[in-house]
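Since the structure comes first, as structure tokens, the remarks are kept for the end.
The values are calculated or read from the model by the stated rules, or taken from the named source; none is laboratory data. No experiment lies behind these values; they were computed from the predicted model shown. Neighbour counts run over all protein chains shown; Cβ positions are idealised from the backbone, glycine included. When the accessible area is computed, the model is the full protein with side chains, heavy atoms only, and any ligands, DNA or RNA have been set aside. Shrake-Rupley method; radii C 1.70, N 1.55, O 1.52, S 1.80 Å.
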Amino acid sequence: VYDNQGDNNQAIYYYKKAFEIKPTDAVVANNLGIVYAVQKDYDNARWYTNKSIELNPNYYNAFNNLGWISETLGDKTTALDHFVKAYELDPTNAYASKHIGGIYESQAKYQDAVTYYQKSIDNDPNDAGTYYDMGVAYWSLEDWNSVIDAWEKCLSINKTHKEALEWLPKAKEKLGSSTSKRVLDNYSLGLEYYNNKEYDKALTAFKTET
């Protein structure tokens with residue numbers, strides 16, 4: 001209760017009491033790790049989270065917590081390892097897959113980022129933020145249709161999402177520019193084929209112009 005109310009000191013006190021009574025409880029150990037991480041006491045946070053994993057090596061939430069701690073401290077390589085382990089233990093783990101996507105995006109592995117954002121959406125389809133993040137990854141891939149689709153879905157969930165509202169019109173401008181360029185390129189290609197008397201190829205190019 002104290003944890004949910006944001007009273008971290010009281011939460012630590014009662015979690016420690018609970019852990020003294022039942023020192024084999026992996027959930028309590030991990031909860032202690034989370035509260036210590038919120039307080040930025042990362043040494044104790046890691047100790048209790050690692051204790052949780054020692055007690056239950058298949059407890060995916062503890063790996064989520066270690067991933068969060070490592071990412072907060074700037075160690076994205078270690079964070080990725082923890083989040084991947086959490087996802088392997090529970091493929092419905094939307095939190096882990098979203099963070100995997102975010103780390104891949106920071107490494108410029110945009111297609112991998114999209115893959116894991118989609119996995120997160122599959123398990124939590126009402127997270128507007130994940131749709132926005134996926135749109136950002138698609139932006140880097142210059143896939144404007146997918147950017148627009150992702151951000152429109154983001155806004156269908158959260159109509160006031162500031163970044164999506166700001167950037168969606170710009171994505172539509174990008175789509176228009178790329179479409180115009182593609183039309184011009186196809187026209188030029190068709191003209192080249194026509195001048196070379198390759199009429200079938202010219203006809204195909206002119207058809208794809210539209």
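Hey, which of these cross-link pairs are over 27 Å Cα-Cα: 40/159; 98/170; 17/51; 153/174; 40/98?
40/159
How much area per residue is accessible in the chain when the probe is 1.4 Å and only protein heavy atoms are counted (Å²)? Mind dumping the intermediate values first?
On the way: 12090 Å² over 210 residues.
Using a 1.4 Å probe on heavy atoms only, each residue of the chain averages 58 Å².
To the nearest 20 debye, what charge dipole does region 59-107 have about its Cα centre, counting +1 at the Cβ of each Lys and Arg and -1 at the Cβ of each Asp and Glu?
40 debye
Carbon and sulfur: what percent of the chain's accessible surface (1.4 Å probe)?
49 percent
Would you calculate a helix-derived [θ] at 222 nm for the chain, using -39,500 (n - 2.57) for each DSSP H run of n ≥ 4 and dividing by the full residue count, to the nearest 500?
-26000 deg cm²/dmol
Just by accessible area at a 1.4 angstrom probe, what is the order of 98, 109, 162 from largest to smallest?
The residues order as 162, 109, 98, largest area first.
Using a 1.4 angstrom probe on the protein heavy atoms only, line up 21, 34 by accessible area, largest first.
Working: 21 145, 34 55 Å².
Largest to smallest exposure gives the sequence 21, 34.
Could you tell me the distance between the Cα centroids of region 30-66 and region 71-122, to the nearest Å?
What the calculation gives is 18 Å, centre to centre.
Roughly what angle does helix 76-89 make with the longest principal axis of the chain, taking Cα atoms, 0 to 90 degrees, to the nearest 10?
Helix 76-89 sits roughly 80 degrees off the main axis of the chain.
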